[in-house]
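What follows is a set of notes on a single structure, which appears directly below.
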Amino acid sequence: SLGLGAHLYAGPVSHVNAQYRENLGIPDGYDAEIILCVGYVDPEVDAVSSASVRNPLADMVNYVE
């Protein structure tokens, strides 16, 4: 209702811990594990149609027998 959108990024965030710890106020003894980006959404962008294409399952899964 406020026009905000969010994106959860759970990829490698070690660069955040190494480079932005002080700017983000991350205390000693703590590390960032997940990044939540929050901001205003462009009303011209449809979140469904503008989403990136997912890789086929066959390209991401390896079966070992």
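The values are calculated or read from the model by the stated rules, or taken from the named source; none is laboratory data. What you are looking at is a predicted structure, and each value in this text was computed from that prediction instead of being measured. Cβ placement follows ideal geometry from the backbone for every residue including glycine, while neighbour counts extend to all protein chains displayed. Surface areas here come from the heavy atoms of the whole protein model, side chains and all, with no ligands, DNA or RNA. Shrake-Rupley method; radii C 1.70, N 1.55, O 1.52, S 1.80 Å.
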Practice prompt. Could you tell me the accessible area of V41 in Å² (1.4 Å probe, neighbours in place), rounded to the nearest ten?
Written response: 80 Å²
Worksheet item: Candidates (i) 1.22; (ii) 1.11; (iii) 1.59; which is the computed Cα Rg over 2.2 N^0.38 Å?
Response: (iii)
Discussion item. Ignoring ligands, DNA and RNA, please state the percent of accessible area on the chain from carbon and sulfur, probe 1.4 Å.
Written reply: 55 percent
Worksheet entry | Accessible solvent surface per residue of the chain, calculated while the other protein chains remain in place, 1.4 angstrom probe, Å² | 95 Å²
Practice prompt. Evaluate the charge dipole of the chain about its Cα centre and quote only its size in Debye, nearest 20, assuming +1 on the Cβ of each Lys and Arg and -1 on the Cβ of each Asp and Glu.
Written response: 40 debye
